[in-house]
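The values are calculated or read from the model by the stated rules, or taken from the named source; none is laboratory data. Fair warning: this is a prediction, and the values are worked out from it, not measured in the lab. Cβ: placed from backbone, ideal geometry, glycine included. Neighbour counts: every protein chain shown. For the accessible areas, the whole protein counts, side chains as well, though only heavy atoms, and no ligand, DNA or RNA atoms are used. Shrake-Rupley method; radii C 1.70, N 1.55, O 1.52, S 1.80 Å.
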Amino acid sequence: MIDVEKAIILENTELIHDVYRMRINSPEIAELCKPGQFVNLYTGDASSILPRPISICRLDKKLGVITLLYRIEGKGTRIFAGLKADDSIRVFGPLGNGFKVQNGTAVLIGGGIGIPPLLELAADLRRTDPDRIITAYLGYRDKNIFLADEFNELCSNVEIATDDGSIGFHGNTCDLIKSQGGISATAYACGPIPMLRGLSKLAQNSKLFLSLEERMGCGFGACVGCAVKTANTAAEQGFHYKRCCMDGPVFIADDLVFEDGDR
Amino acid sequence: MSLNVSLSGIEWKNPVTTASGTFGTAKEMSGLYDISRLGAITVKGVAPMAWSGNPPPRIGETYGGMLNAVGLQNGGIDSFVNDELPDLLAVGTNIIVNVCGRTMEDYVAVIERLSTEKVDMLELNISCPNVSKGGIAFGTNSELTFELVKMCKQAARQPLYVKLSPNVTDIAEIATAAEAAGADGITLINTLLGMSIDIKRKKPLLGNVFGGLSGPAIMPVALRSVYQVYKKVSIPIIGMGGISSAEDAVMFLMAGASAVAVGTANLIKPGIVLDIIDGIEDYVKENGLKSITDIVGIAH
């Protein structure tokens with residue numbers, strides 16, 4: 001973990017409405033990063049003190065560049081959206097455990113702003129095995145899609161689902177996967193909780209890694225704020241809260257306890 | 001020129017510690033910077049048994065501060081003593097253990113278990129707003145405070161500090177009760193009870209609905225509390241609440257705190273405690289003080 005007070009922003013462009021790509025020059029942090037990890041970005045605004053954890057979308061260790069994709073969700077990300085190339089930003093990372101790449105065929109499933117962290121994973125899967133079959137299922141709200149070209153370059157097959165049917169399959173990624181016979185290889189997913197819950201039911205015979213999101217205080221394990229419910233038969237109530245930031249954000253689906261509800 | 005302070009017979013190399021719950025069990029920070037430079041480390045609350053804590057979301061940002069409703073998630077005293085304490089004791093600074101419980105017997109059980117361990121000080125948490133039983137229920141009633149502190153003091157082998165809540169009509173009255181019951185010192189303030197609402201979901205932001213407000217936003221309330229309590233008690237005070245610079249820390253010392261704790265700022269900027277210690281040292285030098293203790297309570 002390295003705290004860089006002033007990392008230079010190389011690019012900060014809006015890809016589709018409210019979704020931005022930020023490229024940051026930070027060789028020290030880039031060198032340490034792996035897919036599925038995240039960095040904290042800070043607003044520099046004294047009224048908005050908490051870090052914003054943003055997952056790593058793409059890494060260029062040679063150039064020392066980290067690419068992040070984020071969606072405007074509130075005050076902090078709105079501040080980030082106002083930054084321009086040559087501005088600086090405080091970056092702390094890398095944080096979290098990241099994906100553990102397995103051998104063999106891989107399935108990637110991303111929903112909305114959960115898609116970006118799977119791109120560096122796709123690159124890593126391709127780099128470690130040029131012949132590997134990689135299928136990506138990407139779910140979007142509508143025709144305003146992003147990163148599809150980048151996934152096409154790295155994956156054997158890319159399937160797109162949109163909620164309104166404007167591109168690809170009409171429906172969500174779970175329904176798309178069901179329509180194609182389910183999941184039969186190691187799967188890696190990131191996206192909204194209902195999607196992850198659906199996948200964990202679909203992938204009962206495959207190894208499934210889920211990258212979660214939770215509101216964080218620090219991002220490095222000190223505050224125990226980003227609780228993720230995990231099964232633990234030894235615990236009093238049959239579950240144990242782990243820290244999304246340190247014990248995750250990537251968890252094995254079988255270890256998680258999903259609640260009903262729409263969060 | 002000296003930054004040394006002495007609290008209830010325990011020597012600190014400087015007057016800076018960490019606020020419980022913002023420093024984990026120190027191992028989260030130990031790889032980031034030299035934590036042995038701290039005057040003391042105050043670790044997360046420890047109960048007799050493992051507590052699972054509150055459902056998420058537990059964290060929310062507010063203007064100049066944050067809300068938390070972690071709910072004192074901890075692994076229990078046995079796990080603390082076996083798994084965490086050995087590394088803590090090897091750090092090379094004072095260790096303060098924050099003690100929590102749902103009942104009086106809970107607090108006593110933790111204190112008794114620690115009586116044979118080499119921890120330096122105890123902090124009685126009677127002020128956490130995020131647990132349904134115990135915690136703040138003791139700290140908002142001066143009679144219960146008196147009773148609990150008296151019982152704990154009998155069991156304690158280390159100096160016993162009592163951490164107070166600002167969510168009361170008169171914090172000095174609770175402090176006076178703690179002192180009368182034999183407390184060796186007072187720690188204040190814990191977080192202010194607050195809430196936020198997620199307007200997209202049209203629901204309270206926190207899983208627990210209410211949470212504790214901390215960060216720079218609460219500093220004036222914390223400073224006022226230290227000032228008031230200093231007037232009423234003669235035991236040492238460890239002051240905290242929103243400290244994020246050496247200037248903030250100096251204000252607390254001037255209000256009457258013998259030492260200070262840095263809380264939320266640890267989460268925002270790991271290593272900020274070292275900047276604060278260095279800044280206090282600069283202040284002492286620039287003002288030609290013999291000792292940092294010269295300014296304790298000087299604003300009165």
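Tell me whether segment A:211-220 contains one or more residues that are over 21 Å from A:ILE252 (Cα atoms) and touching a helix residue (DSSP H, G or I) at 6+ places or on another chain (Cβ under 7 Å). There is at least one residue in segment A:211-220 that is over 21 Å from A:ILE252 (Cα atoms) and touching a helix residue (DSSP H, G or I) at 6+ places or on another chain (Cβ under 7 Å).
Here segment B:57-73 is the region considered, the condition is being open to solvent by 10 Å² or more (accessible area, probe 1.4 Å) and more than 7 Å from chain A (Cβ to nearest Cβ), and the residue that is farthest from A:CYS226 (Cα to Cα) is B:THR62. Strands (runs of 3 or more DSSP E) fully within segment B:1-63 that include at least 3 residues being within 14 Å of the chain's Cα centre (by Cα) and over 24 Å from B:SER234 (Cβ atoms): B:40-46.
Only residues that are more than 20 Å from B:ASP278 (Cα to Cα) and away from chain A (no Cβ under 14 Å): list them for segment B:1-56, please. The answer is B:LEU7, B:SER8, B:GLY9, B:ILE10.
Within segment A:32-81, track down each residue that is among the charged types (D, E, K, R) and either away from chain B (no Cβ under 14 Å) or farther than 26 Å from B:GLY64 by Cα (or both). Of everything in segment A:32-81, those that are among the charged types (D, E, K, R) and either away from chain B (no Cβ under 14 Å) or farther than 26 Å from B:GLY64 by Cα (or both) turn out to be A:LYS34, A:ARG58, A:ASP60, A:LYS61, A:LYS62. In segment A:63-100, the residue that is modelled with the highest pLDDT out of those that are open to solvent by 50 Å² or more (accessible area, probe 1.4 Å) and within 21 Å of A:SER211 (Cβ to Cβ) is A:ARG71.
Residues in segment A:196-205 that are open to solvent by 20 Å² or more (accessible area, probe 1.4 Å) and either touching a residue at least 60 places away in the same chain (Cβ under 8 Å) or within 15 Å of A:GLY96 (Cβ to Cβ) (or both): A:ARG197 only. The criterion of at least 1 residues that are more than 28 Å from B:SER214 (Cα to Cα) and of a type in the set (Phe, Trp, Tyr) is met, among strands (runs of 3 or more DSSP E) falling completely within segment A:1-100, by A:19-25.
Inside segment A:11-34, residues that are open to solvent by 10 Å² or more (accessible area, probe 1.4 Å) and within 23 Å of A:GLU214 (Cβ to Cβ) make up a count of 4. Among the residues of segment A:132-145, those that are part of a loop (DSSP other than H, G, I, E, B) and either modelled with pLDDT under 95 or under 24 Å from A:LEU68 (Cβ atoms) (or both) comprise A:ARG141, A:ASP142, A:LYS143, A:ASN144, A:ILE145.
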